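**Student:** Below are the structure tokens for one structure; questions will follow.
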Amino acid sequence: MLGGGPASWIGRMHRSAAELDGWWRVVGGVFSGDPARSREGGATLGFDRERCYGGIDELIAKERTRSDPAEAVAIMTPNDTHYPLAAAALDAGLDVVCDKPVTHDAAQARDLVSRARRHGRVFAITHGYSAYPMTRYARHLVEAGAIGALRYVQVEYIQSGLAARIEDNRRDNRLEWLLDPSRSGLALVMSAIGCHAQHLASFVTGRRVTRVCADALSVVPDREVTDTVSALLRFDGGVAGTFTAFQAAAGSENDIRLRVYGENGMLDWNHRECSILRVAKLNEGPRVVTRGDADLPPAIAALGRSPRGHPEGLREAFANLYAEVAQERMLRSLGEPVPALGYPRIEDGAHTMAFIEACVASNGAWVEIARA
């Protein structure tokens, strides 16, 4: 683990998800940017002190000397450190699981694509919303042509994380990097939640965004970082769409919604009811599909762990990503063909960074998005 110290909720998410199905064992890591705090933080979490390191260079050097060396790293550090940590891990021959945003900009992301391919490494990004059984089923229905040719896509991620003036609470050390645009990313709302919304829309439809006309702004007075982006989209094939990422929505929670419209029907998924997918066909009554339904394709059914009606959520979705990375590693080691597993890859991250750059540059004009 790189990051995820004792006070980190995302660290607990990664540790428990990685080990949930028995595919991985978390053995140590770098748990803080301060070497002393890193070693103590790892020991507090119960790891062997010999595997609680002061930095990535020490981790790589000492793990190489072990008979049971680490095989992968999971990165959950402040945004500006993702690229150098991922590059170092890839160059050391390690596979990578990385939180979003994968890099600061598209150029860095393209470099990681090249490094991962050159070294033959697996590189996954934890866009967990794309690993829920019902978002995977939505993708399956689109691929199968169940709603016909695509016409329109609506995606939104609305949250209250920046509704208050958190700038006035400098007692929280995390805010120092979060509110610094040079560290948090080109647009804070996109680094925090907008990248998830774009990836989800592209993942379910199987299409990349080719053009964007966006308005990026801060609705909270005297705020230096961006808390709102709304945009018109064009996907591959000319499919139209709309995008909203709004992090200053007082009273809101993690409100994510995706609607995909085709010539014969529509699909509707929202995070509040993540185990449900609504399918409505032209001239037919709407149908509600739930995780655990008996007629789901086996690959979709396998993504759930509990009987229908028992809640599952983001931790299980993260675990699906970790399981798919492990399965690909195993198939590669056996020289077996690797199926098109659904986890988000570094190539997806490069497209997301290009999308963010286009939104920031748009200022109300249409901007083309170059393919990674």
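Please treat every number below as a calculation from the coordinates, not as lab data. Computed from a prediction, not measured in an experiment: that's the story for all the values here. As a convention, Cβ positions derive from the backbone with ideal geometry for all residues, glycine included, and neighbour counts pool all protein chains shown.
**Student:** Just from its helices, what would the mean residue ellipticity at 222 nm be for the chain, if runs of 4 or more DSSP H residues each count -39500 (n - 2.57) and the sum is divided by every residue, rounded to the nearest 500 deg cm²/dmol? Don't jump to the answer; show the numbers that get you there.
**Tutor:** Numbers: 12 runs with 128 residues, N = 372.
Here the helix-only value at 222 nm equals -10500 deg cm²/dmol.
**Student:** Hey, another quick one. Name the most mobile residue of Ala92, Ala74, Ala201, meaning the one with the largest mean-square fluctuation, in a Gaussian network model of the chain with Cα contacts below 10 Å.
**Tutor:** Most flexible of the set in this elastic network: Ala92.
**Student:** Between the alpha-carbon centers of the range 1-80 and the range 142-164, tell me the distance in whole angstrom.
**Tutor:** If we compute the Cα centre of each part, the gap is 35 Å.
**Student:** Quick one: putting +1 on the C-beta of Lys and Arg, -1 on the C-beta of Asp and Glu, what dipole do you get for the range 180-318 around its Cα centre, in Debye to the nearest 20?
**Tutor:** About 340 debye.
**Student:** I've got another one for you. Ranking request for peptides 1-7, 270-276, 37-43: highest mean number of other beta-carbon atoms within 10 Å first, then the rest in descending order. Numbers along the way, then the final one.
**Tutor:** Values: 1-7: 21.6, 270-276: 16.1, 37-43: 19.9.
Per-residue mean Cβ counts within 10 Å order the peptides as 1-7, 37-43, 270-276.
**Student:** With charges only on Cβ, +1 for K and R and -1 for D and E, what is the dipole size of the range 104-233 about its Cα centre, in debye, rounded to 20?
**Tutor:** Working: 17 positive and 13 negative charges, 168 e Å.
For the range 104-233, the charge dipole is close to 800 debye.
**Student:** Under a 5 Å amide H to amide H cut-off, with H placed in plane at 1.01 Å, what residues pair with Gly265 once short-range neighbours are removed?
**Tutor:** Leu282
**Student:** Rounded to the nearest 20 Debye, what is the dipole magnitude of the chain about its Cα centre when Lys and Arg each give +1 and Asp and Glu each give -1 at the C-beta? Could you put the intermediate results ahead of the total?
**Tutor:** Working: 43 positive and 46 negative charges, 112 e Å.
That gives a dipole near 540 debye.
**Student:** In addition: Given the options Ala70, Ala36, Ala216, which has the most mean-square fluctuation in a GNM of the chain, springs set between C-alpha atoms less than 10 angstrom apart?
**Tutor:** Answer for the Gaussian network model of the chain: Ala36.
**Student:** Could you put Cys195, Cys213, Cys52, Cys359 in order, starting from the residue whose Cβ has the fewest other Cβ atoms within 10 Å?
**Tutor:** Cys213, Cys52, Cys195, Cys359
**Student:** Given the options Tyr83, Trp23, Gly4, identify the residue whose Cα lies farthest towards the positive end of the charge dipole of the range 2-128 (+1 on Cβ of Lys, Arg; -1 on Cβ of Asp, Glu).
**Tutor:** Trp23
**Student:** Projected onto the charge dipole of the chain (+1 at Lys/Arg Cβ, -1 at Asp/Glu Cβ, origin at the Cα centre), which of Cys274, Thr226, Ala301 gives the Cα projection farthest towards the positive end?
**Tutor:** Result: Ala301, furthest along the dipole toward the positive end.
**Student:** Further question: Given springs between every Cα pair under 10 Å in a Gaussian network model of the chain, which of Phe47, Phe203, Phe355 has the largest fluctuation?
**Tutor:** Looking only at Phe47, Phe203, Phe355, the biggest GNM fluctuation is shown by Phe47.
**Student:** Please rank Thr210, Thr44, fewest neighbouring Cβ atoms within 10 Å first, as an exposure proxy.
**Tutor:** Least to most surrounded, the residues fall as Thr44, Thr210.
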